[in-house]
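What follows is a set of notes on a single structure, which appears directly below.
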C-alpha cells in the first residue's frame, strides 16, 4: 500500500477499497521503523491523525461527499503554522512556540480532508541547502544515510522518498523544494509567486517564498495544487483569480502538449557534474523523441542570480526575523540585565550559525550608505533576470536545466564552507527571483545510485502546462518508480 | 519676527513640526482588530498586530482614503503610485521590531496649511510630507523590576505630517496644531482627541541669533512626544530662552549631527535632555515585500476631492466677511463642522446671521455642552432657529424669552411660534392695548408719575418702576420697547 501514489490511495479510499485508518496506521508503522534512521519529522500526530482518518472513513461509509485529498496521510514542513503541535521552524528560538492559528494551506488541506500526520524537519527558518542547519534534528537522505537530503525542505523530501507519508508540503525560497526533491528522487514543484497563499508560512525571504508540493508523481503534484492554489484575501501578494484563474491541474494532465518548444541554456549547464549533464542530455532526447523542438538560448544575466539572491533574501530575512526577540514569545534569556539584553542574549542563545550569518549579511546590505550598492543593485539584477525569462518565453514554452550541479553530498561536506553551499543553489534561484514556476522530476541516477533531478521552468501561472510537460517525460520513464534500497 | 534683546543682540525662533494624527478607522491599519481606547490591555489584538510568525498585513483602504483626504486638504501633491516600507528599530512596544511606514514615496508631499494669526490674518506653513504608518503599542512601567506592554494600540492607522520650519513662535506652532485639529475633525478623519493621544507633536526648534552684526544658528533640538497644545507652546517658548542662554554662555552653533533630543516635564515646565548627539539612527528602510504597491486612480482621487468640504479657516474668514460676524464668533461657529453647517442652514432659512450666531453661541453652546453633544446633534431644525431669530428681530418675543424657546426646540418638534404661544412668551406689541394698560398704571401711581415729570433725582428710578408695573400687569409679555415709547410720550 505504501507504494501507491497519493492519488491512487485517495481513489481507493473513496472507492472503499482501503480505509484511511489502515493507510494512516501503515504510515505510522513505517515511521516507527524508519524515522529513527531518517529523522524526517520534528513532530508527528498519531492520535489526531487516526481520529481524523476514522472520521473520513465514516464520512465515506455514510456516502457523504469528501475532499480531493480525503484520507491521504500528508506531512507539512515545520515552518507552516498549525494550531496543533508546535511550529518550530527547526529553531531553538521557536522550539516551544504554539501558533494560535492555522496557515491558509493547512486550512485548505484540512478542508480537502487530508490527514496531517506530522511536521517535517528543515534548515532553521528554511535557510540552507542540506537540512544540516536544523537546530533541532538531523535528517539523512533515504538513498544513502551518510548523505544530506538536500534543503531546506529536506524533511519533507526524505519523508516522501522514505514513504513516511504520501505527499508533503515544502516551501521554496531559492530552491528549497526542488533541490531536496532532486536529491531524494521525488517530484517537487515551486509554484508561481502569488499562486499559493503565504499566510501562515513563517517568512524567510518574503518576496521569494512560495509553498509547494513534494510528491512521488507529477499527478500527485497536480492534485496537491488543486487543493492549495488560489487567491487568499489574507495575503496581499497572492494573485486574484480574475488575473490568473486557478484551473483543475489534473484534468488535462495526461494530454501531451502539441508542437512543444523547449529551450536549453548550454552556457549555464556546463557547470554541472558530468553525470548530471548526461542525464539532462538524455532527458532532452526523450522530449525530442516526443516531437518537441529543442532550441538553445542565452540568458545573459543568470550568472548574477546567486549574488542578487543572497542580498535580497538575507535583507528580507534580517527584517523578518527581527520579531524573534524574547519579548512576546519564543526563547527568552534568563536574568537579563535590561531589555537590550533580552534581545541580544535571547537571539544569541537561540539562533543557529547560518541564521545569524544571514541576518548579519542582510542587515549590512540594508544599512545606510550600502543600500544602493547592494540591495538596490540586487533589485536591478532581479529585474534583468525577469527580463531574460520574458524574452526566453517568447521563443519557447519551457526551459530545461539541472536542479543542482551535484547529487546529494555527504553530511558535513559543505557545512563549514557556506560559499560552496550557496553555489549549489545556482540552478534553482533564478525561478524565485523571476517569480516563475519550476518543477524538479527524477531523471536518472549517478554511479553511486543517487537520484538526479530534471528542472523544468515555465512562464508565470503556467503550472498547468508545466505539469503536463513534466508528465510527458514521466510517462516515458521509470525513474520515479524506484525506491531507496534500504527501505526494501 | 525678531525679538530684540538690545541693539546688538536679537534672535528669531525657528520651528518645524512633526505631527502624528490617529485616523478614526474602525479597524486597524493592517488587520481587522477594533480600534478602541481604554479597552482591557491586550484585548484588541490578533496574530497579525501581535507580529506572530507567518502573519501578513492587509491594507485598510479606509485609512488610505482618510490619509488622501488630509493630504488634499493640506494642498499636497498626492502620489499616484506609492508603496509601503519597513522601518527597523527594536523596542518592546513594536512586536515585529519594524514599523510599516512610507519612506521615499509618501502619500502626500509639498503642501501647505493656512493658520490663523491675529484677527483675520493667516500665515502659510509649508508641508514637507504626509504619510501613513502603523502606530506602536504602549510600554507600561509600573512598580517592580519589570515593564508591561499593552498592544491594543499597535497597528492603529497613523498619519504623520511634517512641516517646513516655517513657524517662529510657540504661539504659531499652537495655532497650527489647533487648526490641524479643527481641520481633521471637519474632514471627519480623526476624533483628534488630545486626551486619548490622537494627536502628538514633536517640534524641532532652534534660533537664529544676530549678535554684533553676525548671524548664528543654535543647534536644533527636537522635543519628543508632546500631547497637548499647552505643552507644545510652552516647550517651544522654554527652548527659545534656554537656547539663547546656552548660546550666550557657550557660543555653540549648529553643526551637522549635533541635533539633540529633549523631553518635556509638564510639572516643572522644562525640557530635559534625552540624547545629546543624535545617534546615527539607521532605520534600514526597504520596501515592504508583504504588501503590494498602491496605485491611486484619477477617478478615486477626484471622488475624494469632490467630497472635500470647505475647510474651517476658509469658512471662518467667510463668516466674517459675508455675515459681519466677529472673528471670535466666527471661530466659535467653525470649531466644529456640524455647528458651522447648522449656522449656515439657519442663515439660509432666513435668519439674520448675527441673531442666529447669538442664539447658537449662547443658548446653543450651553445646551450642547450640558448634553455633551455638538450643536448639530441637538436635533433642532435649523429652520426653527431661523424663525426664532426673526421673531426676536420683530419683537414678537424678548431676547430672554428666546432662550427658553430655544431650549424647548430641542425637546419638541414644534416650531418657535407654537412653543412661544404655549409658554405665553409672545410679546404684546399692540400699541392700543398697551396704551390702556399704561394709562391705568399711571393712574394708580401718581407719586411715581410726579417723580418722573418733576425731573427730580428719583426720576430715572420712578420711570423704571412704572415700566416694571406695566410688565407685571402683562405678565412680562409686553414688548418693553413699545411700552417705553408710550411712557415717554405720556410723561413728556
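The values are calculated or read from the model by the stated rules, or taken from the named source; none is laboratory data. Because the structure is a prediction, the values reported are computed rather than measured. Because the Cβ atoms are built from the backbone with ideal geometry, glycine has one as well, and the counts that use them run over all protein chains shown.
Of all residues in region A:436-486, those that are over 24 Å from residue A:191 (Cα atoms) and under 17 Å from the mean Cα position of the chain (by Cα) total 0.
One line per residue, one yes/no per condition, for (1) surrounded by 24 or more Cβ atoms within 10 Å (Cβ to Cβ); (2) farther than 21 Å from residue A:26 by Cα:
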| position | (1), (2) |
| --- | --- |
| A:97 | no, yes |
| A:103 | yes, yes |
| A:126 | yes, yes |
| A:160 | yes, no |
| A:170 | yes, yes |
| A:192 | yes, yes |
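Only a single criterion out of (1) more than 26 Å from the chain's Cα centre (by Cα); (2) buried (at least 23 other Cβ atoms within 10 Å of the Cβ) is not satisfied by residue A:342, namely (2).
Could you list all residues from region A:128-150 that are over 18 Å from the mean Cα position of the chain (by Cα) and surrounded by 24 or more Cβ atoms within 10 Å (Cβ to Cβ)? Across region A:128-150, the qualifying residue is only A:143.
Among the residues of region A:347-357, is any farther than 17 Å from residue A:418 by Cβ and within 13 Å of chain B (Cβ to nearest Cβ)?
yes
The set of residues in region A:194-216 being surrounded by 24 or more Cβ atoms within 10 Å (Cβ to Cβ) and over 21 Å from residue A:90 (Cα atoms) consists of A:195, A:196, A:197, A:215, A:216. For region A:318-338, the tally of residues that are in contact with a helix residue (DSSP H, G or I) (Cβ under 8 Å, 6 or more places away or on another chain) and more than 11 Å from every other protein chain (Cβ to nearest Cβ) stands at 3. Scanning region B:65-115 for residues that are more than 14 Å from every other protein chain (Cβ to nearest Cβ), assigned to a strand (DSSP E or B) and touching a helix residue (DSSP H, G or I) at 6+ places or on another chain (Cβ under 6 Å) gives B:78, B:108, B:114, B:115.
Taken over region A:51-70, the criterion of being more than 14 Å from residue A:115 (Cα to Cα) and not in a helix (DSSP H, G or I) is satisfied by A:62, A:63, A:64, A:65. Where helices (runs of 4 or more DSSP H) sit wholly within region A:92-200, those with at least 2 residues that are in contact with a strand residue (DSSP E or B) (Cβ under 6 Å, 6 or more places away or on another chain) and more than 24 Å from residue A:50 (Cβ to Cβ) occupy A:178-184.
I'm trying to understand the selection: among the residues of region A:27-47, which are part of a helix (DSSP H, G or I) and touching a residue at least 60 places away in the same chain (Cβ under 8 Å)? Residues satisfying the conditions are A:27, A:28, A:30, A:31, A:34, A:35, A:37, A:38, A:46. Is it true that residue B:162 is assigned to a strand (DSSP E or B) and at pLDDT 95 or above? When the stated conditions are applied, residue B:162 passes them.
May I ask you to list the residues in region B:47-64 that are in contact (Cβ under 8 Å) with a residue 12 or more places away in the chain and surrounded by fewer than 17 Cβ atoms within 10 Å (Cβ to Cβ)? Answer for region B:47-64, where residues must be in contact (Cβ under 8 Å) with a residue 12 or more places away in the chain and surrounded by fewer than 17 Cβ atoms within 10 Å (Cβ to Cβ): just B:62.
Among the residues examined, residue B:17 qualifies as away from every other protein chain (no Cβ under 14 Å) and either assigned to a loop (DSSP other than H, G, I, E, B) or touching a helix residue (DSSP H, G or I) at 6+ places or on another chain (Cβ under 8 Å) (or both). With respect to (1) touching a helix residue (DSSP H, G or I) at 6+ places or on another chain (Cβ under 9 Å); (2) within 30 Å of residue B:380 (Cα to Cα); (3) touching a residue at least 40 places away in the same chain (Cβ under 8 Å), the lone exception for residue B:405 is condition (3).
Selection of region A:71-91 for residues being more than 14 Å from every other protein chain (Cβ to nearest Cβ) and assigned to a strand (DSSP E or B) yields A:73, A:74, A:75.
The combined condition, being modelled with pLDDT of 80 or more and either over 54 Å from the mean Cα position of the chain (by Cα) or surrounded by 17 or more Cβ atoms within 10 Å (Cβ to Cβ) (or both), is fulfilled by residue B:419. The condition (being at pLDDT 95 or above, more than 14 Å from chain B (Cβ to nearest Cβ) and in contact with a helix residue (DSSP H, G or I) (Cβ under 9 Å, 6 or more places away or on another chain)) is satisfied by just one residue among A:208, A:189, A:201: A:189.
Whenever a residue of region B:198-214 is without any contact (Cβ under 8 Å) to a residue 12 or more places away in the chain and not assigned by TED's automatic domain parsing to the domain that holds residue B:252, it has no partner that is part of a strand (DSSP E or B) and surrounded by fewer than 24 Cβ atoms within 10 Å (Cβ to Cβ) lying with C-beta atoms less than 8 angstrom away and at least six residues away or across chains. Screening residue A:373 against (1) in a helix (DSSP H, G or I); (2) free of Cβ contacts under 8 Å to residues at least 24 places away in the same chain; (3) touching a strand residue (DSSP E or B) at 6+ places or on another chain (Cβ under 8 Å) leaves a single unmet condition, (3).
Got at least one residue in region A:300-307 being within 14 Å of another protein chain (Cβ to nearest Cβ), under 26 Å from residue B:284 (Cα atoms), touching a residue at least 12 places away in the same chain (Cβ under 8 Å) and touching a helix residue (DSSP H, G or I) at 6+ places or on another chain (Cβ under 8 Å)? Reasoning before the result, please.
Residues of region A:300-307 within 14 Å of another protein chain (Cβ to nearest Cβ): none.
The answer is no; no qualifying residue exists.
Would you call residue B:120 within 14 Å of chain A (Cβ to nearest Cβ), touching a residue at least 60 places away in the same chain (Cβ under 8 Å), assigned to a loop (DSSP other than H, G, I, E, B) and within 22 Å of residue B:184 (Cα to Cα)? Against the criterion (within 14 Å of chain A (Cβ to nearest Cβ), touching a residue at least 60 places away in the same chain (Cβ under 8 Å), assigned to a loop (DSSP other than H, G, I, E, B) and within 22 Å of residue B:184 (Cα to Cα)), residue B:120 does not qualify.
With respect to being over 30 Å from residue B:82 (Cα atoms), in contact with a helix residue (DSSP H, G or I) (Cβ under 7 Å, 6 or more places away or on another chain), outside the structural domain of residue B:96 (by TED's automatic domain parsing) and in a helix (DSSP H, G or I), residue B:305 falls outside the description.
For first residues located in region B:275-298 and at the interface with chain A (Cβ under 10 Å from one of its Cβ atoms) and more than 17 Å from residue B:100 (Cα to Cα), partners that are in a loop (DSSP other than H, G, I, E, B) and at pLDDT below 80 and lie 6+ apart or on another chain with Cβ distances below 8 Å form the pairs B:280/B:257.
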